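Have a look at the structure below before the remarks.
The values are calculated or read from the model by the stated rules, or taken from the named source; none is laboratory data. Here the structure is a predicted model, which is why all the values come from computation and not from measurement. Positions of Cβ are backbone-derived with ideal geometry, glycine not excepted, and every protein chain shown enters the neighbour counts. For the accessible areas, the whole protein counts, side chains as well, though only heavy atoms, and no ligand, DNA or RNA atoms are used. Shrake-Rupley method; radii C 1.70, N 1.55, O 1.52, S 1.80 Å.
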Amino acid sequence: MEWFRFFASCRIVAGKYSSAIYDLDRSVIYDLPNAFLEVIREVEVMPLEQMPEKYGPARYQQIKQFLDKFVEKELAFYTTSPECFPDIDLTWEKPWHITNAVLELDDTASYSFDSVIKQLNELGCQAIQVRLGCNFSTSQATEQILKALASTQINFCELMTPHNDITAAEWISLMDLQPRLRRVYVYAAPDDAVLYNDNERYGRKIVSFKKDIRRENKEKIRLERFSPNILSFTEAQSHNLGLNRKVAIDSQGYIRNYISHPATFGHVNEHLLADVTTQPAFREKWFLPNDWIEGCKDCQYRYTCVSNSDIRKENDKYYKTEMCTFNQQDNTW
Amino acid sequence: MVLIISKDLEPSTDKVIDWLRYLKVPFRRVNGTDMLNPGHAPTLQVSSKQADMHFNGEASAALSDITAVWYRRDGSKPPDTQAIASLQEAGYYQDVVHHLSQENAIAKKALYALLASHTRILGSFSKSSVNKIEVLINAQQQGLDVPATLITRSKKELQAFMDAHPIITKALWESPGITIQEEKATNYTSYTEEVTPDMLQAIPEEFFYSLFQEKLDKELDLRVFYLDGDCYTMAIFSQMNQQTKVDFRKYANNRNVPYQLPADIEQLIVKLMKAMQLNTGSLDFVKTRTGRYVFLEVNPVGQYDMTSVPCNYQLDKKIAQYLSQHA
């Protein structure tokens, strides 16, 4: 007997108004109208040969053609031994207390960058984003930022800098000097442009854009920003993808869940990150997946959305303070 | 303390270390090349009362501190010949170099033997590479299905073998490939290839020892990571893509999903691994369209990240836990 099965890495995420199929191997999202959900659920628990009887020959032909489409697209397959294809265990576990950090940095020396990097390293942090609030020369960037990263396990650094006269070639030579520097974003620039893109070399990229992040620090959620994969999909089941195991330090040195959040958890010169980031109050929002948040819980993108928005609680319900522009009912952005 | 013997730039070692740190299990990593560095090299002592060793250097470790060892890999390099540089012109120079490498090799083997007699070892010092054919014979003896295999130097025998079924050829050993220096260096990696009638025609009557196997009518490639009695299996749908039909390593975008092997096949895997005295390794199988589970080979130090990540098996954590249970 033959059965229809989606690959375990191709996941249907049902939304209230519309659904999606996430291809976690290939980082692609397909739209799936809700009208198809019922039949898909039915055919997964029924061998093909029983379908003509259940649906009648004409409807069966339609359904079979529909299923064949998924197989052609390599999202699904037919098998005579469905018992051999268990689902993926969606438990998410990572051996790092902090996985990523956003660090604002001005020339005002409000906090010791070196000490923060040392602490983040101890916490297992893998990636940092450094947001420069003012111009740093290449030698300042080397001395004050990149040097601190040497001998740490932080393996990914992106730098956001205001537009200045440093050329792409100069940034590339900094990347050669410290390969952990993988991305440079030039903000408040005259143009939106990709200045350099080398996937072969650690995915290096230099991008400029017009927006000034100092004036507008809220992130815009767009469909193109979603890139589903097994790591984020499992994390999103039980955690807030945008906030989990993240720490932010603003230009004044105050510790936050994220730069744009109003709540602070003390000053980094007075408190150890290890102490602050283990407090239940600091971690609370890490464990608020989109499944728990009003609006988001109905959305088909809830397991890939990277919104960093703050979350507020009202009458035992959770809400994002910044909602995205996606209109679920019309399926438009 | 967990002792990890590995090599530079070995990502799985780094990931297991992340877990050991997270689980607060003390560890010491020694790369193969460290053992040649006098600052870190281990010292061995044997007397009528005891056999002992310790690692030197900043993070020194005594034998009594070591509770479990993970033998991951063991990147080595030729001995440092600086001290004998003045002999370079001498006719016996290569003999001296050979002598020194053997001295290193024996010291290392002695160290491994001492560790193995004192602590639990995950991995196998002596079997970081295995003889494929020896393993195939062992697997066949344990009751696993194996592909029809011919090792020959004769075209006549090859012809007869090929008359029975389509065939493939691959290297007998774990060849890292051959680098050919032309205008620029090109690395030719050893893959599995089908032998076509045209190829057969071009082959001389006698040739160098070569391995031929029946070409299996694959439904799936299966990769099994084995850890202390448990099998973590992944199915690779290599048949969707022309490029990977013969060798799945040629294309990275296959479908890779968790797979549940039949219980009797898992039992035979446990039997084979016990017979080979291996407590970990990566095994390759093919499931044919007729339902055969055909064993191909085992790699005691194989990469497992490509199985762990898509199936979310968390193998780095499981390895760290195995090591810490003995710590």
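Before moving on, here are some points about what is shown:
- When the helices of chain A are scored as -39500 (n - 2.57) per DSSP H run of n ≥ 4 and the total is divided over every residue, the value at 222 nm lands at -5500 deg cm²/dmol.
- Overall form of region B:122-222 per C-alpha gyration tensor (a/c, 1.5; a/b vs b/c): oblate
- Chain B: most fluctuating residue of B:Val195, B:Val286, B:Val46 per GNM, C-alpha cutoff 10 Å: B:Val46
- Mean Cα-pair separation over length for region A:86-142, i.e. relative contact order, pairs under 8 Å, 6 or more apart, %: 47
- Looking at region A:70-149, the accessible area is 40 square angstrom per residue; that uses a 1.4 Å probe and ignores ligands, DNA and RNA.
- Normalised by 2.2 N^0.38 Å, with N the number of residues, the alpha-carbon radius of gyration of chain A equals 1.17.
- Restriction of the chymotrypsin sites (Phe, Trp or Tyr not before Pro) in region B:60-153 to DSSP coil positions whose beta-carbon has at most 10 other beta-carbons within 10 angstrom yields B:Tyr92.
- Protein-protein interface of region A:1-31, residues with accessible area decrease of at least 50 Å², isolated chain reference, 1.4 Å probe: A:Phe7, A:Asp25, A:Arg26
- Tail beyond 16 Å, pair distance distribution of region B:218-300 (Cα, percent): 48
- Residue among A:Ser18, A:Ser27, A:Ser251 with the largest mean-square fluctuation in a Gaussian network model of chain A, springs linking Cα atoms under 10 Å: A:Ser27
- Sorting B:Met35, B:Met199, B:Met240, B:Met273 by solvent-accessible area of protein heavy atoms yields B:Met199, B:Met240, B:Met35, B:Met273, largest first, with a 1.4 Å probe.
- Per-residue accessible area (protein heavy atoms, 1.4 Å probe) orders A:Cys157, B:Cys231 as B:Cys231, A:Cys157, starting from the largest.
- Heavy-atom surface of region B:148-214, accessible at 1.4 Å and reported per residue (Å²): 69
- Region B:177-327 shape via C-alpha gyration tensor axes, a/c threshold 1.5: prolate
- Extent of region A:236-327 along its three principal axes (Cα atoms, max minus min coordinate, largest first): 43, 26, 23 Å.
- Heavy-atom accessible surface that B and A bury in contact, both chains counted, 1.4 Å, Å² to 100: 2300
- Shown here is the pair-distance distribution of region B:92-155: with all Cα-Cα distances grouped in 5 Å bins from zero up to the longest one, the shares run 4, 12, 13, 12, 12, 14, 12, 12, 6, 2, 0 percent.
- Shown here: region B:2-122, whose C-alpha atoms stretch 54, 40, 24 Å along the first, second and third principal axes, sorted largest to smallest.
- A simple spin-label model places pseudo-atoms 7 Å from Cα toward Cβ; at A:Asp107 and B:Asp198 they are separated by 6.8 nm.
- Reference-scaled alpha-carbon Rg (2.2 N^0.38 Å with N residues) for region B:69-128: 1.46
- Along chain A, counting only GluC sites (Glu not before Pro) with a DSSP assignment other than H, G, I, E or B and at most 16 other Cβ atoms inside a 10 Å radius, the longest segment between sites is A:94-199.
- 26 Å tail of the calculated P(r), chain B, as % of Cα pairs: 57
- Apolar share of the accessible surface for the protein assembly as shown: 49 percent from carbon plus sulfur atoms, 1.4 Å probe.
- Here the protein assembly as shown is treated as a Stokes sphere of Kirkwood radius computed over C-alpha pairs; at 20 °C and 1.002 mPa s its diffusion coefficient rounds to 74 µm²/s.
- Prolate/oblate/rounded call for region A:247-295, Cα gyration tensor, a/c under 1.5 rounded: oblate
- Note on region A:50-133: Cα-Cα pairs beyond 14 Å make up 78% of the total pair count.
- Cross-link check: pairs A:Lys16/A:Lys320; A:Lys118/A:Lys205; A:Lys211/A:Lys320; B:Lys218/B:Lys274; B:Lys127/B:Lys215; B:Lys170/B:Lys218 evaluated at a Cα-Cα cut-off of 20 Å; pairs beyond the cut-off: A:Lys118/A:Lys205; A:Lys211/A:Lys320; B:Lys218/B:Lys274; B:Lys127/B:Lys215.
- Minimum 30 Å² accessible area buried by the other protein chains, region A:73-103 residues, probe 1.4 Å, relative to alone: A:Glu74, A:Cys84, A:Phe85, A:Pro86, A:Ile88, A:Glu93, A:Pro95, A:His97
- Among A:Tyr111, A:Tyr187, A:Tyr202: highest mean-square fluctuation, GNM of chain A, C-alpha pairs under 10 Å: A:Tyr202
- Alpha-carbon centroids, region B:104-181 and region A:155-207: separation in whole Å: 47
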